[in-house]
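This report refers to the structure that appears directly beneath it.
The values are calculated or read from the model by the stated rules, or taken from the named source; none is laboratory data. All values derive from a computational prediction rather than experimental measurement. A quick note on method: Cβ atoms are made from the backbone with ideal geometry, for glycine too, and the neighbour counts reach across all protein chains shown.
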Amino acid sequence: MHCSDSRTALSARVDGEALPPGVAGAALDAHVRGCIDCRRWEHQVVALRKWITSIDSGSH
Ligand SMILES: [Zn+2]
């Protein structure tokens with residue numbers, strides 16, 4: 001799996017969307033475990049997502 005494919009799939013998963021066709025969750029996890037760059041990238045996406053969610057929930 002290439003990092004670009006991994007990151008597309010991670011972004012979808014963080015957003016609660018289906019993984020792109022041809023990307024298995026197990027293969028994605030295996031790539032992220034072995035790829036520090038994608039791990040960092042996932043953390044950034046998750047942090048950004050939490051931040052956006054906290055803004056949304058604070059506006060009610
Ligand atoms: Zn990677």
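With respect to residue 52, is the statement that it is of a type in the set (A, V, I, L, M) and more than 11 Å from the ligand (Cβ to nearest atom) true? Don't jump to the end; show me each part of the working.
Working: of a type in the set (A, V, I, L, M): yes; more than 11 Å from the ligand (Cβ to nearest atom): yes.
Considered against the rule, which asks whether it is of a type in the set (A, V, I, L, M) and more than 11 Å from the ligand (Cβ to nearest atom), residue 52 comes out as yes.
If I go through the range 15-60 residue by residue, how many of them are part of a helix (DSSP H, G or I), of a type in the set (Asp, Glu) and at pLDDT below 95?
The initial filter retains those residues of the range 15-60 that are part of a helix (DSSP H, G or I), namely 25-34, 36-58.
Checking the rest, the ones that are also of a type in the set (Asp, Glu) come to 29, 37, 42, 56.
Then drop every residue that is not at pLDDT below 95, which leaves 56.
Number of matching residues: 1.
I need every pair where a residue in the range 13-38 that is near the ligand (Cβ under 8 Å from one of its atoms) has its Cβ under 8 Å from the Cβ of a residue that is part of a loop (DSSP other than H, G, I, E, B) and not acidic (Asp, Glu), sequence separation at least 6 or different chains.
Close Cβ pairs (under 8 Å, with a partner that is part of a loop (DSSP other than H, G, I, E, B) and not acidic (Asp, Glu)) amount to 31/1.
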